[in-house]
Amino acid sequence: MALVSPPQASAEPEVRTLAGSGLAGFADGPGATASFLMPEGLAVDAAGDVIVADTAAQRIREVAPSGAVRTIAGSGTIGPAGLYVAGGFANGPATGARFNQPAAVAVAPDGSIIVADRGNHALRRIRDGAVTTYAGNPSRPGSADGPLASATFTAPIALAYDAQGDLYVADYGVGLRKIGRDGTVSTISVPAPYASAHVTGLSAVTDWGQTRLYCATLDRGTLVLSGGTFLGHYSAGTPANDGKNVFIQGARWSGYAYAVAAQPGTNFVYTDIRSSVVRVMAFGRTYIAAGEDSENSSFDGANFADGAGTTARFNTPMGIVGLPGGSYAIADTGNRRIRVMGPVDFSLTTSPEMLQGAGDAYRIVYVGNSIVSYNQNWDESVSGIIESRLDEDWNSLGFPKRPRVFPVQLIAKLSAIKTWIETYPASGLAEMVIWQINSGEIDDEPVAGSRSAREVTGTLRELAAELRAKSIPLVVSVNALSYEVSPVEDLWFVMRAHLADEPYVFPPDERAEMTEPYPHVPSRAAMLEKAVAAAGVQVIDALPQFSETEMQSSHPALFAGNDDHWSRQGTLLAAHTICDALLRLRPWKH
C-alpha cells in the first residue's frame, strides 16, 4: 500500500555557506574568501550579525548577513603547522588582546560580548573596543561561587542569557553555573542521574511567559531548567522521569548533542558531532534536519556539501544559533565554515499548537509512552501506517473529514497522561483518542499490582466518561512488551545488565531487578488486560497477535536488538493489528 507523510512545509531545509573558503586561516573579507581555523561557539547580535568564537585562531569574529567577516578581538600569529595560534592572556585594546581557546560567545543586554575563554578559566568581556576580565582567574581554575571578583571557573564552554538578563555558563567538568544580574555566581543543582558536569551547549528562550533554559549534554541528552530550577530531562538515549513530571523524548539514541538552539515549546534544534548532522527534537520525535540520514554516520558521513536537508553535508558541526526569520547559523567546525540552514519543519512532531492548526482534519491523537514513537521515519511508524490505511478510503469508512494521526509520547504516570488528555485533546483539539498502554503500568508485587490495576481501571473509566460526554471516542490499545512475548525477544534487558559502559545510570529499584537474568513474568500482562476490560472501554489487545507470530517456525525479530522497543517488523505488526481492529470497531461512527 502507498504510505504518505504529513505535510512538510520545510522538511528539507536548505543549507548554504555564509562565510568561509574552507582554507585554514583567519583572513577577514568577503564570505567567499574569508577563512577560519576552528569556528565553535556562535551568538547573534541585535543587528543580525553572527558572532563567532574562532577557537584555534584565538579570535572573536563577526559575520554580517552578507557573509562579510571581520575580527573584533584577539591576536597572535599562526603556528608552524598553519592550523592554530598559540593561546595567551592579555586585556586591553581588542586588536591586541589574547585569548586561550575561546569556546563560546554571548551578547549581553547592553550589547557587549561575553567570551567563554576556556583555556584561561575565565569569562572575558568585549566592550567599546577593549577586552577585560569579566569573571574567573587565568592563574586559578576552580569552582568557587560568590561575587564575580572572587568566583572561579574551570573550563567555561557555553553561554546563554535569559530574558531577565541572567547569564548561564556551562563550566565543563564542574556543571551549570549562573551569574545573576547582581553579579553573584552560583552553581545550579541537577539531581542524579542527570549530572550536568559535561554540559557543552546552552540556549535560553522565553516560553509562555516563563523563561526556560535548555542545555545539551554530551551523554545524557538535554536538561530543562527554569529560572535556575531543574525541571526535567529530555533523553538522548533511555527514557527518564522522576515519577511525577512528564518527560518527552526520543527513546532511541538520538545523536551526540553538542550545542542547542531552543525554540518556544518543546522544540530543540541541535548539532550532533558524532554523526555530523543537525537534528530536531520536538515533542517526542527526533529526526535529521540536515546531513547524512544514517543510523550512525560517524564513519563516513562527515563531508562538505550545500543543499537541501539530507543532501547537505557537515564535518563536526559544533555551534548553532537561531537567526531572525527562523533560520539557523551553524559553525561547521571541521569544514572551517559558517553555514546557514533554513527553518525546520516541526510538523513531524505533535504539539497542542499543531493540533489546533489542523482544523480541516479528523484529528486522532495517539498517546502513550516511548512505544508510540522513537526516531522512526513517519512511513514506518505506527501513526504513519495507521494514517495511511485510514486515509486510503476515508469517505466510505464514515469519516466526516480526512483523518490525521498525531503521535504524542508522554513518559509519565497514568494520572499525568490523563491530565494531558483532558487539557488538550478533550478540550476540543481532537476528535478521537487512542491511548497506548502496556504492563509497565502494573507494579511487580501482587499487592501493589492489584492496587495499580485498580488505578488503571479507575483512570480509564473516568477519562472515558469525560470524553464520551464530549462525543470523543476513546480506544485503549494494550500492547506487548518484550518479556511478555519471549525471553529471546527480551535479550536487550539481559544484555544491558552486563554493559559496564552503559551511559544510563539505572535507578536503585531497576538495578535490583537485574540480579536475575529474566526477572519478569507475563502475569502483569494478564493483570493489565483484566484491568482495562473492567473499565468498559473499547480495547485493542495486540498481545495475542505478537504471541502467535512468535510461535511461527519462521518469524522476524519483533523487538530491537539494541533497545527494548519494537523492531521495524514489530512496529508493522503492532500498527496493522491496531488498524485492523479500528476498521472493525469504527469508533469514529459512534
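The values are calculated or read from the model by the stated rules, or taken from the named source; none is laboratory data. What you see is a predicted model; the values in this text were computed from it and never measured. Because the Cβ atoms are built from the backbone with ideal geometry, glycine has one as well, and the counts that use them run over all protein chains shown. Calculation scope for accessible area: heavy atoms of the full protein, side chains included, ligands and nucleic acids excluded. Shrake-Rupley method; radii C 1.70, N 1.55, O 1.52, S 1.80 Å.
Quick look at the numbers
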item: Counted charge near Thr55, where neighbours are those whose Cβ lies closer than 13 Å (Asp, Glu -1; Lys, Arg +1); result: +1
item: Long-range HN-HN contacts of Thr154 with modeled amide H, under 5 Å; result: Gly142
item: Nitroxide proxy distance, nm - points 7 Å out along Cα→Cβ at Asp306 and Ala469; result: 5.9 nm
item: Neighbourhood charge, 12 Å Cβ-Cβ cut-off, centred on Ala103 and excluding it, Lys, Arg +1 and Asp, Glu -1; result: -2
item: Calculated FRET value between Gln569 and Leu23, using beta carbons and R₀ = 51 Å, to 0.05; result: 0.55
item: Near-label residues of the range 526-548 by backbone N, under 18 Å of a point 7 Å along Cα→Cβ of Arg461; result: 527-539
item: Distance between modelled label sites at Asp110 and Arg584, nm, 7 Å Cα→Cβ extension; result: 7.2 nm
item: Per-residue ³J(HN,Hα) for the range 383-389, Karplus 6.51 cos²θ - 1.76 cosθ + 1.60, θ = phi - 60°, Hz, x for Gly and Pro; result: 4, x, 5, 4, 4, 4, 5
item: Point-to-point label distance, Glu392-Ser139, nm (Cα→Cβ direction, 7 Å offset); result: 7.7 nm
item: Out-of-range pairs (alpha-carbon distance over 20 Å; input Lys470/Lys589; Lys418/Lys589; Lys418/Lys470); result: Lys418/Lys589
item: Amide H contacts under 5 Å for Leu202, placed H, 5+ residues apart; result: Leu159, Ala216, Val260
item: List Ser276, Ser415, Ser139, ordered by accessible area with a 1.4 Å probe, largest first; result: Ser139, Ser415, Ser276
item: Stretchable slack from Ala64 to Ser554, in nm (0.36 nm times residue separation minus alpha-carbon distance); result: 170.3 nm
item: Calculated from backbone phi, Karplus (6.51, -1.76, 1.60) coupling profile of the range 53-66 in Hz, x at Gly/Pro; result: 8, 8, 4, 6, 7, 6, 9, 10, 10, 10, 10, 6, x, 6
item: Net charge over other residues, Cβ less than 9 angstrom from the Cβ of Phe304 (K, R count +1; D, E count -1); result: 0
item: Per residue accessible area in Å² of the range 1-127, where ligands, DNA and RNA are left out and the probe is 1.4 Å; result: 39 Å²
item: Efficiency of FRET from Cβ geometry, Thr423 and Ser189, R₀ 25 Å, rounded to 0.05; result: 0.25
item: The range 535-575, accessible area per residue, ligands and nucleic acids excluded (1.4 Å, Å²); result: 47 Å²
